[in-house]
Amino acid sequence: MIQFEEMGFTPGILKSIKELGFEYPMPVQEKVIPLMLGTENDIIALAQTGTGKTAAFGLPLVLSTDPEMNSTQALILCPTRELCIQITGDLADYSKHTGNLRILAVYGGSSIENQIRELKKGVHIIVATPGRLIDLIGRRAARLNNVHTVVLDEADEMLNMGFLDSINEILEEVPEGRRTLLFSATMSPEIGSIARKYMNNPSEITIGTKNSSAENVSHNYYLVHARDKYKVLKRIADFEPDIYGIVFCRTRKETQEVASNLINDGYDADALHGELSQSQRDAVMQKFRQKNLQILVATDVAARGLDVDDLTHVINYSLPDDPEIYTHRSGRTGRAGKTGISIALVHLREKNNLTRIERLIKKNFKSLPIPTGTEICGKQLFNWVGKIENVTTGHKEIEKYIPEIKQRFENLDREELLRRVVTLEFERFLDDYRLGEDLIAPVPEKAGRDEARTGKRSRDHFEGDYTRLFINRGKSDGFYPEQLIDLINQNTRGAQIPIGKIDLMKDFSFFEVGSDHADMLIRTLHNRQYMDSRLVLQKAQEKSDKKDRTGEFRGKRSSKHPEKRRSDKRQKTERHYFN
Ligand code: AMP
């Protein structure tokens, strides 16, 4: 194994490396550093975050930047403000003993005037988010004509965030003879096209297996009824008293709801999503990093800026449609040589989604039984017993009360005293679990009918006409009125859509909407990706034309004509109002 000392760094940089406690180069550094220092090649490195890639490009960059020259010599583009700040801090650490290297982070959401002022003083390395850099180039504050190296960090994330045009524009601004490095967790056609357009015969490096997940992460799932998801999440948290994890949700609304419920139920939890202001997001991330929060409920986009190495769990409250996103999520645990647990809460339909992920990560998910109330109470109890065993005693403040407390408990025997203390400590759990009502994983054939009536929001006396719609989701998909409400609410913000009868079947459903809204709803939802496949939303046929159009409904979800099934299985229904 090659050592840092053999790589050609100056004594100043080696001193920084030592101070940072880096003893041996990490694999990405072993591969990238010699290429950067020994060749002029462009480089594509497929490496996840947490693999040591910042030092892989940062240490050679510091070496190749001349503090005596008063111009910008290197440019690093990255997707988020947090990553910008982090990279800038890392570069400052690497260059601590290397003269006065000026490194500046420029990103949106903070004063552009300050950034312009700093740029005017002269900056050797700019670390930027693409949008803000375009502004600064436009104002002639950032001058890139002496840049010899461009690093595109987390290129896949930048593309996901819609920065392709900005990246193209920026790359047109830097001298053609520069060297370009591209770091990405995944290789996609878009990345390939940037590489072809702006890179010169790049060397490609892959750290670990492409798209495979970390070795030390276990992948597990709980099969749950959609309506039980939150309860199961609570059980997981209760069963793992030392959990320090991120719960990933699909939407901001879901994120906020899950976090609010956890907070109300007494957990150290908070939400991180795009509707929060930057300062609120910073405050939440800070609390989480300092472990003042045990559970962070987040959307994928909002969690990008968060770099935490020692998560115990990643929980997929909702599985992402794109399996790649699952690898990003689960890759947040099991870092820095630790083991990690990735959990998915899935209902029946999402099992297909699991299979797609299994294919990508080349590992199987393990099905876990939902912890019973008794198991959870036992786990909590012994966790608490462990704390009693390990607590340090002898605080003066407490000692002075001991004699009086002893006297008060004189007539209680040891066992009764313990019983009372335990009862107090476990009130929340005992209340929740005393009744011994355990959550049952769903079984397709037995999907209960009663659920059809849950999720009702408010009644209304809508006098207009209704149009009856067919949707290719039913109870076996975990699709109940709540899911229908969410689906409509999330896609028709602000529209007051009257909803009439809802008939839930096993594999599909019918529901009525105010006729004025029917076409709009079909346009909005038909063909949209939902759960793991595309929605079919269309007007239900009248009985008279039913026979002719039966074929339209044929397929996996509806081997029988839905209207025929409806007559067999008509549910008791209610009128609902949405939004
Ligand atoms: P990164 O992938 O750049 O975010 O780095 C992940 C973590 O690994 C950071 O906390 C770095 O400080 C740490 N790190 C980077 N290189 C080394 C090394 N050679 N030895 C030990 N830790 C390292």
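The values are calculated or read from the model by the stated rules, or taken from the named source; none is laboratory data. Quick caveat, the model's predicted, so the values are computed rather than measured. Glycine also receives a Cβ, built like all others from the backbone with ideal geometry; neighbour counts cover every protein chain displayed. The accessibility values were calculated without ligands, DNA or RNA, using every heavy atom of the protein model including side chains. Shrake-Rupley method; radii C 1.70, N 1.55, O 1.52, S 1.80 Å.
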Inset, instruction - May I ask you to give the percent of accessible area on the range 139-237 that is carbon plus sulfur, with a probe radius of 1.4 Å? - result: 42
Inset, instruction - Taking each pair of different alpha-carbon atoms in the range 243-363 once, compute 1/r for the pair, average those values, and report the inverse of that mean as the Kirkwood hydrodynamic radius in Å to one decimal. - result: 14.5
Inset, instruction - Keeping all protein chains in place, calculate the accessible area per residue for the range 250-367 (probe 1.4 angstrom), answer in Å². - result: 41
Legend entry - Hydrodynamic radius of the range 220-262 per Kirkwood, over alpha carbon pairs, in Å: 11.3
Legend entry - Nonlocal amide H pairs with Tyr221, under 5 Å, H built at 1.01 Å: Ala344, Lys366, Ser367, Leu368
Legend entry - Kirkwood estimate for the range 277-421, i.e. one over the average of 1/r between Cα atoms, Å: 19.5
Inset, instruction - Can you tell me the FRET efficiency between Val422 and Thr39 if r is taken as the Cβ-Cβ distance and R0 is 45 Å, rounded to the nearest 0.05? - result: 0.10
Legend entry - Phi-based couplings in Hz for the range 263-276 (Karplus 6.51, -1.76, 1.60; Gly and Pro marked x): 4, 4, 8, x, 8, 7, 9, 7, 9, 9, 8, x, 7, 7
Inset, instruction - Could you order peptides 286-299, 135-148 by the average number of other Cβ atoms within 10 Å of their residues, highest first? - result: 286-299, 135-148
Legend entry - Å² per residue, accessible surface of the range 119-233 at 1.4 Å: 43
Legend entry - Added length on full extension, which subtracts the Cα-Cα distance from 0.36 nm per residue, Glu415 to Tyr230: 63.0 nm
Inset, instruction - For the range 78-119, give the percent of accessible area contributed by carbon and sulfur heavy atoms, probe 1.4 Å, rounded to a whole number. - result: 49
Inset, instruction - Would you mind checking which residues have amide H under 5 Å from Ile497's amide H? H placed 1.01 Å from N; only 5 or more apart, or other chain. - result: Phe578
Inset, instruction - Note the full-extension length gain between Glu397 and Lys253 as 0.36 nm times their separation in residues minus their Cα-Cα distance, in nm to one decimal. - result: 47.3 nm
Legend entry - Descending semi-axes in whole angstrom, ellipsoid equivalent of the range 475-519, from the Cα gyration tensor: 19, 13, 7
Legend entry - Centroid-to-centroid separation of the range 219-274 and the range 282-345 [C-alpha atoms, Å]: 12
Legend entry - Under 5 Å, built H, 5+ apart or other chain: amide partners of Ile205: Ile44, Ala45, Leu46
Inset, instruction - Would you mind computing, in nm to one decimal, how far apart the modelled labels at Asn261 and Arg139 are, each placed 7 Å from Cα along Cα→Cβ? - result: 4.5
Inset, instruction - Please go through the residue pairs Lys366/Lys387; Lys291/Lys387; Lys229/Lys351; Lys506/Lys539; Lys229/Lys253 and name each one whose alpha carbons sit more than 23 Å apart in this structure. - result: Lys366/Lys387
Inset, instruction - Calculate, in whole percent, how much of the Cα-Cα pair population of the range 366-423 lies beyond 12 Å. - result: 78
Inset, instruction - Could you size up the charge dipole of the range 91-160 around its Cα centre, putting +1 on the beta carbon of Lys and Arg and -1 on that of Asp and Glu, and report it in debye to the nearest 20? - result: 580
Inset, instruction - For the range 337-416, give the percent of accessible area contributed by carbon and sulfur heavy atoms, probe 1.4 Å, rounded to a whole number. - result: 54
Legend entry - Long-range Cα-Cα pairs in the range 242-300 (distance over 13 Å), rounded percent: 55
Inset, instruction - Give the peptides 398-406, 350-358, 26-34, 186-194 in descending order of average Cβ contacts within 10 Å, highest first. - result: 26-34, 350-358, 186-194, 398-406
Inset, instruction - Sort largest first and round to whole Å: the equivalent ellipsoid semi-axes of the range 146-260, each the square root of five times a Cα gyration tensor eigenvalue. - result: 41, 18, 12
Legend entry - Most to least packed among 11-19, 73-81, 47-55, 90-98 [average Cβ atoms within 10 Å]: 73-81, 47-55, 90-98, 11-19
Legend entry - Cα gyration tensor, the range 208-287 - rounded (a/c under 1.5), prolate or oblate: oblate
